[in-house]
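The values are calculated or read from the model by the stated rules, or taken from the named source; none is laboratory data. This is a predicted model, so every value here is computed, not measured. With ideal geometry, Cβ positions are generated from the backbone for all residues, glycine too; neighbour counts draw on all protein chains shown. In case anyone asks, the SASA skips ligands and DNA or RNA and just uses the protein heavy atoms, side chains included. Shrake-Rupley method; radii C 1.70, N 1.55, O 1.52, S 1.80 Å.
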Amino acid sequence: MLVLNRLRPAASSQAQSICLVNTRHSLSKSLKSTTTTCSDFEPAFLNENDTDSSTRHCLPLTHFWKCLETRQQATAAKLFSTTPPYCQYGLGFRTFSTVLKTQNCWNCGESLQQTHTYFCTTCKVLQPPDEDRNYFDIMDCEKSFAVDIQKLQRTYRNLQRSLHPDNFSQKQTKEQELSEKQSALVNEAYRTLLGPLSRGLYMLKLQGLQLEGGTHFAMEPQFLYEIMEINESLAATQTEEEASDIGHCIQDRLQELIRDVSESFSKGDLKKAKMLLAKMKYFVNIEDKVKEKLSSS
């Protein structure tokens with residue numbers, strides 16, 4: 001089918017999603033009816049405050065292709081054909097190009113046979129970082145809050161074995177520079193995805209959301225009073241045992257929040273995830289204070 005063939009390249013390119021700009025458009029109405037029968041095809045709000053007719057939906061192309069190719073090819077053709085041109089081809093605000101981007105090796109000029117490759121298959125030279133890849137792509141992880149930490153650590157070790165600057169000390173200057181960039185990017189991706197708080201904040205960032213003003217958020221007074229009491233208790237501790245007890249309580253609260261954040265992301269409830277991450281940030285700050293207190297005692 002011609003329309004489906006036009007869709008397929010996008011799923012394997014740098015394009016991760018397209019935006020459906022107007023919920024009153026027939027395409028958006030069709031999507032709502034489609035999602036009732038396709039559980040793995042769930043458009044998500046990019047902005048929690050967009051609740052009117054101009055709400056922008058993010059359509060994951062990989063899920064879109066898998067779902068509609070296997071179950072509703074006619075619907076896929078209809079949806080794509082009725083999409084406004086600026087949505088089909090990645091033009092306009094908050095859209096991603098669905099045109100496959102070709103890349104050539106900077107050293108030999110040969111076309112790279114694989115997207116997101118680190119080395120040219122012809123001359124074996126290290127390539128520049130791909131700016132279109134997010135941290136989940138770099139670390140070969142599922143784009144989920146519930147990251148497989150062991151797999152993440154294995155991927156990190158394997159990538160650093162290949163990309164570490166020490167391996168390029170005898171190479172040409174540009175390869176050495178690229179190695180430093182690639183290695184630094186892998187380090188940043190690993191650190192971000194390893195920590196639950198930084199991972200959650202990054203997932204919000206990918207959706208165009210962030211915590212306003214650091215830890216400041218519209219928290220209920222009872223929660224803020226609890227945080228104040230914990231900080232006062234920590235400041236008043238006289239022994240290492242007292243500080244450790246507070247640390248254990250904080251760890252329990254963090255584990256509870258991690259479970260709630262994971263559930264919120266899995267349900268696509270970004271507003272709740274954002275609120276929980278703001279709370280988590282308070283407890284992480286206290287945990288850091290506990291560690292500092294214990295190290296100085």
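List the residue pairs whose Cβ atoms are under 9 Å apart, where the first residue sits in the stretch 251-272 and is over 14 Å from residue 145 (Cβ atoms), the second is open to solvent by less than 40 Å² (accessible area, probe 1.4 Å) and of a type in the set (S, T, N, Q), and the two are 6 or more positions apart or on different chains.
Listed by first residue and then by second, the contacts come to 271/264.
List every residue pair whose Cβ atoms lie under 8 Å apart, where the two residues are 6 or more positions apart in sequence or sit on different chains, the first residue falls within the stretch 194-212 and is touching a residue at least 24 places away in the same chain (Cβ under 8 Å) and farther than 18 Å from residue 258 by Cβ, and the second residue, located anywhere, is open to solvent by less than 40 Å² (accessible area, probe 1.4 Å) and part of a helix (DSSP H, G or I).
207/270; 209/270; 209/274
Within the stretch 230-251, track down each residue that is acidic (Asp, Glu) and open to solvent by less than 90 Å² (accessible area, probe 1.4 Å).
Taking the stretch 230-251 as the starting set, the residues that turn out to be acidic (Asp, Glu) are 232, 240-242, 245.
Listed by number, the residues that qualify are 242, 245.
Can you name the helices (runs of 4 or more DSSP H) wholly within the stretch 134-199 that have at least 1 residues being in contact with a strand residue (DSSP E or B) (Cβ under 6 Å, 6 or more places away or on another chain) and of a type in the set (A, V, I, L, M, F, W, C)? Walk me through it before giving the result.
Working: elements: 135-138, 149-163, 173-194.
Output list reads 173-194.
Do we find that residue 227 is among the aliphatic types (A, V, I, L, M), modelled with pLDDT of 95 or more, part of a helix (DSSP H, G or I) and surrounded by 18 or more Cβ atoms within 10 Å (Cβ to Cβ) in this structure? Give the derivation first.
Working: among the aliphatic types (A, V, I, L, M): yes; modelled with pLDDT of 95 or more: yes; part of a helix (DSSP H, G or I): yes; surrounded by 18 or more Cβ atoms within 10 Å (Cβ to Cβ): no.
Spelling it out, it is not the case that residue 227 is among the aliphatic types (A, V, I, L, M), modelled with pLDDT of 95 or more, part of a helix (DSSP H, G or I) and surrounded by 18 or more Cβ atoms within 10 Å (Cβ to Cβ).
Tell me, please, whether a residue that is of a type in the set (Val, Ile, Thr) and either in contact with a strand residue (DSSP E or B) (Cβ under 6 Å, 6 or more places away or on another chain) or exposed (fewer than 12 other Cβ atoms within 10 Å of the Cβ) (or both) can be found in the stretch 252-265. Even if it seems obvious, please write down each step before you answer.
The initial filter retains those residues of the stretch 252-265 that are of a type in the set (Val, Ile, Thr), namely 258, 261.
From what is left, the residues that are either in contact with a strand residue (DSSP E or B) (Cβ under 6 Å, 6 or more places away or on another chain) or exposed (fewer than 12 other Cβ atoms within 10 Å of the Cβ) (or both) are none.
No: zero hits.
Looking at the structure I just gave you, is residue 204 at pLDDT 95 or above, closer than 21 Å to residue 152 by Cα, in contact with a helix residue (DSSP H, G or I) (Cβ under 9 Å, 6 or more places away or on another chain) and aliphatic (A, V, I, L, M)?
Details: at pLDDT 95 or above: yes; closer than 21 Å to residue 152 by Cα: yes; in contact with a helix residue (DSSP H, G or I) (Cβ under 9 Å, 6 or more places away or on another chain): yes; aliphatic (A, V, I, L, M): yes.
Judged against the criteria, residue 204 is a match.
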